[in-house]
Structures are given as C-alpha cells and as structure tokens.
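Single-structure report; data block below.
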Amino acid sequence: MIFLVLFFFVLAASTSAATKLHTVGDVPAIDSSTGLPYGYAKNDIVWSGFESILGDSEAMTSSEGAVLTGLVINGTVEHIMAQVEGIGFPIKPLGYAAFDAKIAAIEARGGETEPPTDNRTRTCRVGGGGPIQREYLTEGVGYLAALGDGLRCSNLPKTCGRISCSRSSGIWWCNGKSFKRPISQVVHSLKFEELTDVPADNDHMVEYKCNLFAVYARDIHDNCWWDENHIRLAQGEDGENEFKIRVVAGKETAGC
C-alpha cells in the first residue's frame, strides 16, 4: 500500500434496499455478468496533468517539471501514485480535517455546467463482482480525494474504466448515458425547460478532474453499507442524472 489512510469516515445509516436520491427513468441496469452497466465496454482511464504536482512556475523551470510535463499514464489511482512516487513525487495523504475540507471544495465547484450536483441516483447492493469490505473502499476514496485539481482523467464513450483498484475492491467510472436531459420549449413567447426521459448517449471522450470521483465513491461508502457476520460490507452505484457520469463500487479480483 502506498500510504496509510489517515482519516475515518462518519458512519452512515445502512439500507438493504435500493436507495435513490431521485427517481428517474431510462437508467441502464447493471449487467450481472460484468458488474457494470449493460452495453458498456471496459478500458483504462487516461491520466494527465502531472506537471501540476509541482506548480506552474516550478514545472516550467525545473528538470523535474520536464519529466512530468506531457506525461500520460493509463490505469488506476494506485498505479498512478506508485509510478509518480517512483520518479520522486509522492502524493501526500490527507488527515481527517483536510479530507473533509477537500470533499467540500470538490462539491462546491459543482453546478449547472460542472459536476458534482445534488441531482443524482444511488442504488445499493449492485455493481462489481459482489460486496467489498468497507474499509478497503475507504482507502480508494482517500486516494482519489488526495489528488490535486490539476490531475485530469479521460474516458472513452460508453466505457467503464477502473479509477481505483486495491485489495480486490474496485471503483469504476462509466462514461456514457445521462439519465435525463433538459428540453427547452417556447410557448406563447415564454420559455419553459423540463426534464425528459430521452436518452443521451455520449459519443466522445470526456475529461474531468480526477478527484471528482471521490465524491461519488464516498456517497456509496456512506450510504450503501451493511454488517454481515461482524464485517462491514459496501457495494453500490452513484450517478449524475444530467451529466454522463456513473460510478460503481464492488468486488474486483483481476489485477487488484
């Protein structure tokens, strides 16, 4: 393990039934054979923006900056942190207070034009190859939250990429279908906007700040857990209803 996670999450109430923040239509179900949404391919997340680790001025003038500038790595946050640490740039863990402040800052940048939003759908006890130990999901969320805003993650259309994977616990970011989209109508010179159930498949690669996905994984961590034989387990899916983002957390053994 690259570093010890130095924070703990406040335990949230558990539910054994599917839990939704909002009820929406046209949500592609999870395929039981893959643990991911039906019709989605699997591929690696593409990471860039590593020069931001040094800061703009230092990255432009230092030999270290030359190493990081233009660097592109495919894989999970664990792969990225190991490779970056291997060339001398460890990403420091967050303490408890710093973690809460970081999550709040990520949430604060969301709105009509940028995720995360409050208009999301959550479903518990689905995703991956089964439930995972909650403490391992804690680690994955911690790794993602520790990333700076300059690190960027890209994903192909209609594709799920593992953004975190350790101790047989996976977090996937799926880029594809939004659940509802706004349709504007003009009636008697008045403009109305409503949410419809028209599916909107993404047909291009998209890019977000990598730490964004800590918000969705933490929501699963806090709301989709239960006790089984004195072990806390977690599993679920959290997705934006208007942005084309779905995040799945569950068991993964291949390369984890």
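Would you be able to say whether some residue in the stretch 217-226 is at pLDDT 90 or above, part of a strand (DSSP E or B) and not acidic (Asp, Glu)?
As a first pass, look at the stretch 217-226 and keep what is at pLDDT 90 or above: 217-226.
Imposing the further condition that a residue be part of a strand (DSSP E or B) reduces the set to 225-226.
Next, from what is left, pick out any that are not acidic (Asp, Glu): 225-226.
Within the stretch 217-226, one or more residues are at pLDDT 90 or above, part of a strand (DSSP E or B) and not acidic (Asp, Glu).
Going by what's in this entry, would Ala82 be described as of a type outside the set (S, T, N, Q) and within 30 Å of Leu233 (Cβ to Cβ)?
So Ala82 fits the description; yes.
Kindly indicate the residue of the stretch 195-211 that is in contact with a strand residue (DSSP E or B) (Cβ under 8 Å, 6 or more places away or on another chain), of a type outside the set (Phe, Trp, Tyr) and closer than 27 Å to Ile53 by Cα and also modelled with the lowest pLDDT among those meeting that condition. Step through it out loud before you land on a result.
Of the stretch 195-211, the ones in contact with a strand residue (DSSP E or B) (Cβ under 8 Å, 6 or more places away or on another chain) are 195-196, 198-202, 205-210.
Filter again for of a type outside the set (Phe, Trp, Tyr), leaving 195-196, 198-202, 205-207, 209-210.
From what is left, the residues that are closer than 27 Å to Ile53 by Cα are 205-207, 209-210.
Values: Met205: 85, Val206: 92, Glu207: 95, Lys209: 97, Cys210: 97.
Among them, the one singled out is Met205.
Tell me yes or no: at least one residue of the stretch 114-127 is of a type in the set (D, E, K, R), surrounded by fewer than 18 Cβ atoms within 10 Å (Cβ to Cβ) and modelled with pLDDT under 95. Walk me through how you get there before you give the answer.
In the first step, residues of the stretch 114-127 are kept if they are of a type in the set (D, E, K, R); the result is 114, 118, 120, 122, 125.
Next, from what is left, pick out any that are surrounded by fewer than 18 Cβ atoms within 10 Å (Cβ to Cβ): 114, 118.
Subset that is modelled with pLDDT under 95: 114, 118.
Yes: one or more hits.
Conditions (1) in contact with a Pro (Cβ under 9 Å, 6 or more places away or on another chain); (2) closer than 26 Å to Thr159 by Cβ; (3) surrounded by 24 or more Cβ atoms within 10 Å (Cβ to Cβ), marked per residue:
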position	(1), (2), (3)
Asp222	no, no, no
Glu228	yes, no, no
Ala234	yes, yes, yes
Asp238	no, yes, yes
Ala249	no, yes, yes
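If you scan the stretch 60-107, which residues turn out to be β-branched (Val, Ile, Thr) and either modelled with pLDDT under 85 or out of contact with any strand residue (DSSP E or B) (no Cβ under 6 Å at 6 or more places or on another chain) (or both)? Quick ask: steps written out before the conclusion?
Our first condition is that a residue be β-branched (Val, Ile, Thr); within the stretch 60-107, this holds for 61, 67, 69, 72-73, 76-77, 80, 84, 87, 91, 103, 106.
Thr61, Val67, Thr69, Val84, Ile87, Ile91, Ile103, Ile106, listed by residue number.
Take the residues in the stretch 79-99 that are of a type in the set (A, V, I, L, M) and not in a loop (DSSP other than H, G, I, E, B), then tell me which one is surrounded by the fewest Cβ atoms within 10 Å (Cβ to Cβ). Outline the logic, then answer.
Narrowing the stretch 79-99 to residues of a type in the set (A, V, I, L, M): 80-82, 84, 87, 91, 94, 97-98.
From the residues that got through so far, the ones that are not in a loop (DSSP other than H, G, I, E, B) too are 80-82, 84, 97-98.
Details: Ile80: 25, Met81: 18, Ala82: 13, Val84: 20, Ala97: 9, Ala98: 15.
Here the residue is Ala97.
So if I check each of Ile53, Ile91, Ile73, Ile45, which one is hydrophobic (A, V, I, L, M, F, W, C) and under 30 Å from Ser32 (Cβ atoms)? Steps first, please.
On the way: Ile53 fails: under 30 Å from Ser32 (Cβ atoms); Ile91 fails: under 30 Å from Ser32 (Cβ atoms); Ile73 fails: under 30 Å from Ser32 (Cβ atoms).
It is Ile45.
I'm trying to understand the selection: among the residues of the stretch 227-237, which are touching a residue at least 12 places away in the same chain (Cβ under 8 Å) and either under 14 Å from Gly176 (Cα atoms) or not in a strand (DSSP E or B) (or both)?
Answer for the stretch 227-237, where residues must be touching a residue at least 12 places away in the same chain (Cβ under 8 Å) and either under 14 Å from Gly176 (Cα atoms) or not in a strand (DSSP E or B) (or both): just Gln235.
For the stretch 68-78, indicate whether the set of residues that are surrounded by fewer than 18 Cβ atoms within 10 Å (Cβ to Cβ), more than 22 Å from the chain's Cα centre (by Cα) and farther than 21 Å from Cys165 by Cβ is non-empty.
Pass one, the stretch 68-78, residues surrounded by fewer than 18 Cβ atoms within 10 Å (Cβ to Cβ): 69-74.
Going one step further and asking which of them are more than 22 Å from the chain's Cα centre (by Cα), we end up with 69-70.
Within this subset, residues satisfying the condition of being farther than 21 Å from Cys165 by Cβ are 69-70.
The answer is yes; a qualifying residue exists.
Against the condition β-branched (Val, Ile, Thr) and assigned to a strand (DSSP E or B), how does Thr121 come out, does it pass? Write out each step before concluding.
Values: β-branched (Val, Ile, Thr): yes; assigned to a strand (DSSP E or B): yes.
Yes; evaluated as a whole, the condition is true for this residue.
The values are calculated or read from the model by the stated rules, or taken from the named source; none is laboratory data. The structure displayed is predicted, hence computed values, not measured ones. Ideal geometry is used to build each Cβ from the backbone, glycine not excepted, and the neighbour counts take in all protein chains shown.
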